[in-house]
Every structure is written in C-alpha cells, then in structure tokens.
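What follows is a single structure, written as structure tokens, with notes after it.
The values are calculated or read from the model by the stated rules, or taken from the named source; none is laboratory data. Just so it is clear, the model here is predicted, and its values are computed rather than measured. We place every Cβ from the backbone using ideal geometry, glycine too, and count neighbours over all the protein chains shown. The area values use the complete protein model at the heavy-atom level, side chains included, leaving out ligands, DNA and RNA. Shrake-Rupley method; radii C 1.70, N 1.55, O 1.52, S 1.80 Å.
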Amino acid sequence: MDEKKEGSVLLHCLKTLKTAKSDTEIFALLLLVTKALQAEKLDSTDRKRLFEAIGFDFIDRLIISDEVPEGCPDYTYKALALTLLACYSTEPQLQSHSSMLSKVSFLNEIILGNFCSAAEVESQKLVDEAYQCLFGLASTDAGWNHLINGRTVSVLSQAFSNSSYGHDRSLQLLLTLVSACGPATWCKKPEDENMVLNKLATEFSVDKTKRKFELLEILVILLLGSAHKSQADSDYSPPWLSTLSEALAELLKNKLGTVR
C-alpha cells in the first residue's frame with residue numbers, strides 16, 4: 001500500500017469515526033486504522049486527529065470490557081486500547097494527560113504478562129506497546145510521580161531481575177527514574193533496589209567482555225541515586241555489596257597490577 005493510499009484510508013476512517021453512533025462501529029473502524037497504519041508511521045497531525053476522534057473514554061471502555069466479538073481472542077479489546085495508548089504516548093501534549101497517567105496499573109499488568117492467552121508474538125507486541133507508553137510517561141514530571149506511586153518501579157525491577165521479555169527497556173526506565181528522582185525512586189518498596197543491584201553486581205562479577213564497563217556505568221548511576229546512601233553510617237550491609245566489592249577489587253588488580 002503506497003503512502004498516498006494509506007493517507008486516504010486513515011483520513012476516511014477518522015472522518016467516519018466522528019459520526020460513528022456505536023462502540024461496535026468505532027471498534028470496526030479502529031481495526032481498519034490499525035491495519036492500515038502502524039502507530040510509528042503517524043505524524044503529529046494524524047495523532048491529534050485520532051485523539052480528537054476517539055479521546056480516552058472509548059479506550060476506558062475497551063479496557064474494562066470482557067465481552068469481545070465472537071471468534072476474537074479474549075484480549076482483543078485491551079490490545080486495541082493499548083495500540084491507541086501507544087499512539088497517544090508519542091504525542092508530547094498527551095503524555096502528561098490525566099487519563100494517560102491513570103493507565104499505569106493497566107500498563108503494569110501488560111509488562112507482568114497477565115495476558116496468558118495471547119500467543120508469544122502477540123504477547124510481545126503488547127509488551128512492546130506497553131513499554132512505549134511507559135517511556136512516554138517517563139518523559140514528564142507528572143509521569144515520574146505516577147510510575148513511582150503506581151507500583152511500576154516494582155514491576156520493572158521484577159521484569160529486569162527475571163530477564164523477562166523487554167527487560168533491557170525496564171532497566172532503561174529505572175535509570176531514567178533514578179536520574180530524575182534519586183532515592184525517591186525506591187520509596188514504595190526499598191527491596192526492589194536490592195533486587196536490581198543484586199542482578200547487576202552478579203553480571204558485573206562474571207562478565208569478561210567490554211560490557212563490564214557498560215555495567216559499571218549503570219551501577220554508578222544507580223549507586224549515586226541509591227536509597228542506601230542514607231544508611232551509610234549504619235551496620236546494614238546490602239546483599240550485593242560484597243559481590244560488587246570483590247569484582248571491583250579484581251578489576252583494579254587486573255588494570256593496575258598487584259601492589260607490591
């Protein structure tokens with residue numbers, strides 16, 4: 001399908017959406033939109049037109065509805081809602097919209113893989129779109145607060161620790177939050193920080209490639225924004241500290257030679 005034809009399909013669907021009289025009609029038109037264009041091919045004008053035609057109310061109904069058309073997977077409506085949210089999340093004016101911020105719990109469930117009936121490829125597509133939404137939220141001050149208070153830090157820590165699909169993006173998001181919010185990132189569940197640092201310290205200790213230095217840079221960012229800094233004068237020793245200390249000592253010995 002050439003770009004001119006794609007544009008005409010989108011324009012027709014958006015015009016028709018404004019006059020649609022039922023959720024069923026809107027659903028059918030949105031299926032045409034998603035088949036005609038992927039979200040990343042929409043420009044800012046297209047995204048604004050889509051928002052003006054759909055808004056958030058219909059997305060809310062898609063998320064809470066458990067009744068899908070006969071023959072469709074049980075997650076069909078939620079998948080469509082997620083595609084629309086992913087499209088909205090790339091538009092700066094919508095990233096901090098209250099209705100976008102309120103979808104944090106829904107996005108958490110996607111990252112946790114709570115759509116077990118979806119096939120692997122479709123499940124990964126859902127996770128990809130959920131991460132796209134989270135990155136959009138993480139680009140705003142309001143988004144930082146909602147991700148921290150909405151249990152997303154725990155979800156991302158779990159995804160990273162378990163090496164779940166997309167775990168590299170979960171780490172990127174955690175680094176974004178720590179860089180922006182510091183120790184407050186871990187305020188809801190401090191043990192999440194240990195979970196992440198345990199995994200990174202272990203990887204750092206066994207890695208023999210150039211990635212070791214990439215891991216070191218990541219560890220520096222996390223430690224500079226660590227909640228453990230407030231415990232520096234206590235007797236508490238986090239579980240990852242000895243692993244990291246030994247690995248650093250070994251690295252220095254290899255680089256500088258044994259001190260005689």
Across (1) open to solvent by 50 Å² or more (accessible area, probe 1.4 Å); (2) modelled with pLDDT of 75 or more, Ser8 clears everything bar (2)
Just give me the residues in segment 115-124 being open to solvent by less than 60 Å² (accessible area, probe 1.4 Å) and not in a helix (DSSP H, G or I), in sequence order.
-> Phe115, Ala118
Please indicate, with yes or no, whether at least one residue in segment 192-200 is more than 30 Å from Lys255 (Cα to Cα), at pLDDT below 95 and either in contact with a helix residue (DSSP H, G or I) (Cβ under 6 Å, 6 or more places away or on another chain) or not aliphatic (A, V, I, L, M) (or both).
-> no
Sort out which residues of segment 51-72 are over 22 Å from Asn114 (Cβ atoms), open to solvent by 50 Å² or more (accessible area, probe 1.4 Å) and not in a loop (DSSP other than H, G, I, E, B), and write them in order of number.
-> Phe51, Glu52, Asp57
Whichever residue in segment 99-151 is hydroxyl-bearing (Ser, Thr, Tyr) and within 12 Å of the chain's Cα centre (by Cα) and, among such residues, is farthest from Cys72 (Cα to Cα) | Ser139
Those residues of segment 76-114 which are in contact with an Asp or Glu (Cβ under 8 Å, 6 or more places away or on another chain), crowded, with 17+ Cβ neighbours inside 10 Å and not in a helix (DSSP H, G or I), in sequence order | Thr90
Matching residues in segment 36-47 - criterion: being open to solvent by 60 Å² or more (accessible area, probe 1.4 Å) and either among the aliphatic types (A, V, I, L, M) or modelled with pLDDT under 80 (or both) | Gln38, Glu40, Lys41, Asp43
Taking segment 12-35, which residues are open to solvent by 40 Å² or more (accessible area, probe 1.4 Å) and at pLDDT 75 or above?
-> His12, Lys15, Lys18, Thr19, Lys21, Ser22, Asp23, Thr24, Glu25, Ala28, Leu31, Leu32
Return only the number of the condition from (1) part of a helix (DSSP H, G or I); (2) of a type outside the set (A, V, I, L, M, F, W, C); (3) over 30 Å from Leu82 (Cα atoms); (4) open to solvent by 60 Å² or more (accessible area, probe 1.4 Å) that Thr209 does not satisfy.
-> (1)
How about segment 163-182: which of its residues are touching a helix residue (DSSP H, G or I) at 6+ places or on another chain (Cβ under 7 Å) and over 15 Å from Val220 (Cβ atoms)?
-> Tyr165, Gly166, His167, Arg169, Ser170, Leu173, Leu177, Ala180, Cys181
